[in-house]
């Protein structure tokens, strides 16, 4: 049986993108009024809602600096085949939650809010590949929205190697092929790696190449996210002016 | 867990005794409702509804399922209510399980009693196969009056649900189902019998429609009715002290308001789906 080809002879991917092109990103910031920070992020058909509460009081008094708690869950209707209920704490979700928690522990200035915690909730509304990246990006924006001090923004993108081509920001079809795939998260300004997730076997050169491609993808995503945050902030400033002038 | 202080509560009650509410509504007024349909491409029907601060997302998935030999049902509807972490944390803590099963059973009974989609049109093979509708409800934000929001969103999601056409072939007692390949060969559901809930909270000696989270927390009693476009009632749920006279008074309000609400909802869904 011939395999469905992922890259057409013209060099286009299944969703019409070129290999080094990220999906369309739209984000809405601050959509849940009761949360301290929230972000609804769409990367192509992957849709993620991240909510941040805090910093708020911690019930136990042990740790001196602030702590982060993170919960990741996927909606029952997120993918095409319906998942059974009660899988909120399945292993992938727990793993993703803990990796996101660790990533953000390194970037939040937790010393500034001792004896308190920040709660992060991530809900995947639609899964079309790259949920981990989308979740990280959404949490970054939600953190900004909540006004929690951070050293830098964390931006994430995935990359993969298939049919002798390196592609960035994989969709679900490309994820299912199980070729070499990398999810990378970098500090936006210093370019340092905050998280790298890789679970396949490949030559060292390919790995190096994938890192470069994922980094390039992160920078593309950063552009979009940065301009979105800027627009949002400018709108906030504008609304403050209109109130104080009255 | 959400709490209301004593001072806040007495302010709330005094205002209601004077016929107004802290958010400026009159006693029998809903908060602004906004609804979007067809928001989830991976579901057969979906909607996102916002009622004041309450926000829910509903996805309906349609599949063919097996039924028990003797049963004659053409349709099974399963509801699951899940609270997204963001809404959960502040609001419920460990009560979440009870809370969601309460909502599930209310919806399930209301839909069963109303016999919503029982039509010959949707018959597959009686006693062998039937349609299964999985209604997955995700609560994004809890701002009071969850039941009304969920039931309206469910109704909206059903109104956009597409059922694929199926051809049935029988070979010596073995049935084969073939689904039409054409993506346009789909049928819509008739939702005129799908109920929506109207919830009143008893505060002091007054009933208020569509209680907010504050009002819900300080309420003495609660009264929920499921009503459809004809004004038929399929489910009543109440707790707290209510006498019979009050109840019949409320039911007349329900009949009038329910129709108005459903007509408006259907109208806005039509507008929304035509514009997208």
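Every number in this text was worked out from the coordinates using simple rules, so none of it is lab data. Everything numeric here is computed off the predicted structure, so don't read it as measured data. Backbone-built Cβ (ideal geometry, glycine too); neighbour counts: all protein chains shown.
Things worth noting here:
- Unit Cα scatterers, Debye sum, the stretch A:25-244: log10 I(q)/I(0) for q = 0.13 Å⁻¹: -0.76
- The angle between the Cα long axis of helix A:204-244 and the main principal axis of chain A comes to about 40°, on a 0 to 90 degree scale.
- Taking the stretch A:165-208 and a reference point 7 angstrom along Cα→Cβ of residue A:106, the backbone N atoms nearer than 17 Å belong to A:182-199.
- When only Cα pairs below 8 angstrom with a gap of at least 6 residues are kept, chain A shows a relative contact order of 21 percent.
- Estimated FRET transfer efficiency when R0 is 35 angstrom, pair residue B:166-residue A:98 (beta carbons, to 0.05): 0.20
- Net length available on complete extension from residue B:174 to residue B:26 is 47.2 nm, with 0.36 nm assigned per residue and the Cα-Cα distance removed.
- With each label modelled as a point 7 angstrom along the Cα→C-beta vector, the residue B:115-residue A:203 pair spans 7.1 nm.
- Note on residue B:34 and residue A:164: with the Förster distance fixed at 51 Å, the Cβ-Cβ geometry gives a FRET efficiency of about 0.55.
- Calculated FRET value between residue B:122 and residue B:266, using beta carbons and R₀ = 25 Å, to 0.05: 0.75
- Helix B:146-159 axis versus longest C-alpha principal axis of chain B: approximately 30°, rounded to the nearest ten.
- Measuring max minus min along each principal axis, the C-alpha atoms of the stretch B:12-275 give extents of 72, 38, 37 Å (largest first).
- Packing-based exposure ordering (other Cβ within 10 Å, fewest first) of A:232, B:235, B:111, B:11: B:11, A:232, B:235, B:111
- Histogram of C-alpha separations across the protein assembly as shown, 20 Å bin width, %: 20, 49, 28, 3, 0
- 0 to 90° range, to nearest 10: angle between helix B:244-275 axis and chain B longest Cα axis: 60 degrees
- Length added when fully stretched, residue B:182-residue B:10, from 0.36 nm per residue minus Cα-Cα: 55.8 nm
- Taking every C-alpha pair closer than 8 Å and separated by at least 6 residues, the mean separation divided by the residue count of the stretch B:12-275 gives a relative contact order of 20 percent.
- Separation between Cα centres of the stretch B:200-276 and the stretch B:14-43, rounded to whole Å: 11 Å
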